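All remarks here apply to the structure that follows.
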């Protein structure tokens, strides 16, 4: 059985739409409007289309990140508060572990069982470690 046969409607709906770039807190298309196809390496079947970021998109992302650092709250947040945010991120990843495991399995062409029992729990543990 392929991973495509095992994924939920939620994951299927997510990958069914073209994925954009996250720049400045907004999902945006690449400046060029180009996309590329990402495929499941195990089956070579198309998963979805992804915005094809190029130099201008990188410049926009770096400028947005610089502005967020200079003007946003993260720079002034205490290390303890930052840790709490990372811990919350770990909690959310754990809450949606099945969805992330499905996406990881599709994107990497690996068995869903490996993503569920190794990859996602390890990511949760790493966020919690870094939060400390």
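For the range 43-132, just the Cα atoms, rotate onto the principal axes and tell me the three extents in Å, largest first.
Between the extreme Cα coordinates on each principal axis of the range 43-132 lie 45, 36, 15 Å.
Points 7 angstrom from Cα along the Cβ direction at residue 76 and residue 37: gap in nanometres?
In this crude spin-label approximation the distance works out to 4.9 nm.
At residue 28 and residue 67, where each label point lies 7 Å from the Cα along Cα→Cβ, what is the point-to-point distance in nanometres?
With each label placed 7 Å out from Cα toward Cβ, I get 0.8 nm.
Would you calculate a helix-derived [θ] at 222 nm for the chain, using -39,500 (n - 2.57) for each DSSP H run of n ≥ 4 and dividing by the full residue count, to the nearest 500? Write out the running numbers ahead of the final one.
Values: 6 runs with 69 residues, N = 132.
After summing the helix terms and dividing by the residues of the chain, the value is -16000 deg cm²/dmol.
Any read-out appearing in this document is the output of simple, stated calculations on the displayed coordinates, not a laboratory observation. For clarity, every value in this text was computed on a predicted model and none was experimentally measured. Note that each Cβ is placed from the backbone with ideal geometry, even for glycine, and that neighbours are counted across all protein chains shown.
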